[in-house]
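The values are calculated or read from the model by the stated rules, or taken from the named source; none is laboratory data. A quick note: this is a predicted structure, and the numbers were derived from the prediction, not measured. Note: ideal-geometry Cβ built from the backbone for every residue, glycine included; neighbour counts use all protein chains shown. Ligands, DNA and RNA are excluded from the accessible area calculation, which covers all protein heavy atoms including side chains. Shrake-Rupley method; radii C 1.70, N 1.55, O 1.52, S 1.80 Å.
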Amino acid sequence: MKIALGADHAGFADKDRIARALRADGHEILDYGTHDDTPVDYPQYGYAVGEAVASGQAERGIVVCGSSLGIAMAANKVPGVRCAPVAEPYSAELARRHNDANVLALSERLTGWEMVERLVRVFLETPFDGGRHAHRVEQLFEFGDAQRERTLRAIETKAVTGAQTPKELL
Ligand code: RB5
């Protein structure tokens, strides 16, 4: 698989280890840096990985920063990106099965290396379940003017309508 990687100064060591491990497993890696602990701004690296995935140059992306949070927020600004900041395996699995996450965000400061390896494996190996989840994932990219109108009306009336899924399918 072609995988884009990016990290700031607080995540580059894990990012480099991930790159080595994935190359050893036969994956093709697009490494957008950073490459040392000189302080840099995490949004730039989140955007680069996000664009690589959204444009189809990479099938998946993995981003690392100190907490996983800032770089995930940045990646999620890129239309087409579904980036999940994850610290334990069940969330990694659900991010794939239910949300079709295409970028994984990891924390070098809070998550140990063995867990990082496991999260990466789950993220790369778990399929999207599709089915009832597909139209919800599609809605993630419908936040244009029409959706904004609907949402503004919903918050005025304090009632969200249009959720059509029967309870037993939740
Ligand atoms: C850098 O100190 C840190 O703020 C950054 O890596 C990240 O955790 C931001 O969300």
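At-a-glance table
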| read-out | value |
| --- | --- |
| The range 1-92 shape via C-alpha gyration tensor axes, a/c threshold 1.5 | rounded |
| Pairs of lysines in the chain (C-alpha under 24 Å apart; 8 or more residues apart or interchain) | 4 |
| Shape category assigned to the range 3-57 from the gyration tensor of Cα positions, a/c cut at 1.5 | oblate |
| For the range 35-168, with +1 on Lys and Arg beta carbons and -1 on Asp and Glu, the positive-most of GLY80, CYS65, ALA146 along the dipole | ALA146 |
| Charge sum, other residues only, whose C-beta stays under 10 Å from VAL160's C-beta, Lys/Arg counted +1 and Asp/Glu -1 | +3 |
| Residues of the chain: accessible area per residue with a 1.4 Å probe, Å² | 57 Å² |
| For the chain: relative contact order, % (alpha-carbon pairs under 8 angstrom, 6 or more apart) | 19 percent |
| Ordering of 74-87, 35-48 by packing [mean C-beta count within 10 Å, highest first] | 74-87, 35-48 |
| DSSP-assigned coil residues among GluC sites (Glu not before Pro) in the range 27-124, each with at most 15 further Cβ atoms within 10 Å | GLU59 |
| Rounded percent of accessible protein surface that carbon and sulfur make up, the range 36-151, 1.4 Å probe | 49 percent |
| About the Cα centre, charge dipole magnitude for the range 13-96 (Lys/Arg +1, Asp/Glu -1 at Cβ), debye | 220 debye |
